[in-house]
Amino acid sequence: GENVEQHPSTLSVQEGDSAVIKCTYSDSASNYFPWYKQELGKRPQLIIDIRSNVGEKKDQRIAVTLNKTAKHFSLHITETQPEDSAVYFCAASIIGGATNKLIFGTGTLLAVQP
Amino acid sequence: NAGVMQNPRHLVRRRGQEARLRCSPMKGHSHVYWYRQLPEEGLKFMVYLQKENIIDESGMPKERFSAEFPKEGPSILRIQQVVRGDSAAYFCASSGTSLESTQYFGPGTRLTVL
């Protein structure tokens, strides 16, 4: 069935360093890949997304890359700040298919040490 | 421009009682998704609804759980005869159309079963 694997499960970096989180999806029909940030006790908030017709997308300190052949996509955060500390979830979906459900990875707890 | 609304935010039920969770999508949105997040885990898809129709309920347990999205009013997720394992955060998300990829999440309902 559909599956999204996410690594690492925890990541600790020093303020100012870069952080990279990687995901792999199983369904080759997936064409939409969002990343959500969830702070403790809060709702998931979309921080960036990418469609399968694009290989890379950047928004200030955040970038996402997609390798369709390998079915990998990654989140890159540069110049990390303490307020980046949260749990990050990747997800995959098939937009325009029978269902738009998001299949989530298991999450990465990012801790940015000041 | 109100976002996705959910109520109640916290719900305590005893084993065997019924839990009724409500979700009002963003203004203009007619697609609603329900996800469950167990403690320390990721988000799992439960059901996808449009007005008066269930599109995909592949993630919903076959017994005790039901969902609806009537023509008027919020979407309702109903859990009958709750058990301790139902304790979780239940999030709903909404999107504008089936081709619109972004799902916006509500604040969640935290259900505790005693």
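The values are calculated or read from the model by the stated rules, or taken from the named source; none is laboratory data. Just so it is clear, the structure is predicted and the values come from calculations on it, not from any experiment. Cβ placement follows ideal geometry from the backbone for every residue including glycine, while neighbour counts extend to all protein chains displayed. When the accessible area is computed, the model is the full protein with side chains, heavy atoms only, and any ligands, DNA or RNA have been set aside. Shrake-Rupley method; radii C 1.70, N 1.55, O 1.52, S 1.80 Å.
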Inset, instruction - Name, by its number, the condition in (1) closer than 23 Å to residue B:42 by Cα; (2) at pLDDT 95 or above; (3) more than 14 Å from chain B (Cβ to nearest Cβ) that does not hold for residue A:28. - result: (2)
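Among the candidates A:74, A:52, which residue alone is out of contact with any Phe, Trp or Tyr (no Cβ under 9 Å at 6 or more places or on another chain) and among the polar types (S, T, N, Q)?
None of the others qualify; the one that does is A:74.
What's the total number of residues in region B:19-33 that are part of a strand (DSSP E or B) and surrounded by 15 or more Cβ atoms within 10 Å (Cβ to Cβ)?
Within region B:19-33, residues that are part of a strand (DSSP E or B) and surrounded by 15 or more Cβ atoms within 10 Å (Cβ to Cβ) number 8.
Might you let me know whether region B:10-18 holds any residue that is hydrophobic (A, V, I, L, M, F, W, C), within 10 Å of the chain's Cα centre (by Cα) and assigned to a strand (DSSP E or B)? Outline the logic, then answer.
Narrowing region B:10-18 to residues hydrophobic (A, V, I, L, M, F, W, C): B:11-12.
Narrowing the set further to residues that are within 10 Å of the chain's Cα centre (by Cα) leaves none.
Looking through region B:10-18, none of the residues is hydrophobic (A, V, I, L, M, F, W, C), within 10 Å of the chain's Cα centre (by Cα) and assigned to a strand (DSSP E or B).
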Inset, instruction - Test residue A:37 against the stated conditions and say whether it is touching a residue at least 24 places away in the same chain (Cβ under 8 Å) and open to solvent by less than 50 Å² (accessible area, probe 1.4 Å). - result: yes
Inset, instruction - Select from region A:10-34 the residues that are closer than 21 Å to residue B:39 by Cβ and open to solvent by less than 80 Å² (accessible area, probe 1.4 Å) and list them in ascending order. - result: A:11
Legend entry - Subset tally (residues that are crowded, with 21+ Cβ neighbours inside 10 Å, outside any strand (DSSP E or B) and of a type outside the set (S, T, N, Q)) for region A:93-112: 4
Legend entry - Scope region B:75-114; condition touching a Lys or Arg at 6+ places or on another chain (Cβ under 9 Å), assigned to a loop (DSSP other than H, G, I, E, B), over 11 Å from residue B:33 (Cα atoms) and within 14 Å of another protein chain (Cβ to nearest Cβ); matching residues: B:101, B:107, B:108
Legend entry - Hits in region B:4-18 - residues which are within 12 Å of chain A (Cβ to nearest Cβ) and open to solvent by 30 Å² or more (accessible area, probe 1.4 Å): B:5, B:9, B:10
Inset, instruction - Say whether the condition of being in contact with a Cys (Cβ under 6 Å, 6 or more places away or on another chain) and among the aromatic types (Phe, Trp, Tyr) is met by at least one residue in region B:19-34. - result: yes
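Have a look at A:76, A:72 and point out the one that is more than 10 Å from chain B (Cβ to nearest Cβ), open to solvent by 50 Å² or more (accessible area, probe 1.4 Å), closer than 26 Å to residue B:59 by Cβ and within 13 Å of the chain's Cα centre (by Cα).
A:72
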Inset, instruction - Report, by residue number, each residue of region B:41-74 that is within 24 Å of residue A:107 (Cα to Cα), open to solvent by 60 Å² or more (accessible area, probe 1.4 Å) and more than 9 Å from chain A (Cβ to nearest Cβ). - result: B:57
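Only one residue in A:82, A:44 is open to solvent by less than 60 Å² (accessible area, probe 1.4 Å), within 14 Å of the chain's Cα centre (by Cα) and touching a residue at least 40 places away in the same chain (Cβ under 8 Å). Which one?
Going through A:82, A:44 in turn, just one is open to solvent by less than 60 Å² (accessible area, probe 1.4 Å), within 14 Å of the chain's Cα centre (by Cα) and touching a residue at least 40 places away in the same chain (Cβ under 8 Å): A:44.
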Inset, instruction - Starting from region A:100-114, take each residue that is more than 14 Å from chain B (Cβ to nearest Cβ) and list its partners that are open to solvent by less than 40 Å² (accessible area, probe 1.4 Å) and among the charged types (D, E, K, R), counting only C-beta distances under 8 angstrom and pairs at least six apart or across chains. - result: A:110/A:84; A:112/A:84
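Scan region A:1-56 residue by residue and report those that are hydroxyl-bearing (Ser, Thr, Tyr) and part of a strand (DSSP E or B).
Pass one, region A:1-56, residues hydroxyl-bearing (Ser, Thr, Tyr): A:9-10, A:12, A:18, A:24-26, A:28, A:30, A:32, A:36, A:52.
Once the filter is applied, which keeps residues that are hydroxyl-bearing (Ser, Thr, Tyr) and part of a strand (DSSP E or B), region A:1-56 yields A:10, A:12, A:24, A:25, A:32, A:36.
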Legend entry - Tally, over region A:80-92, of residues that are more than 7 Å from chain B (Cβ to nearest Cβ) and in a strand (DSSP E or B): 6
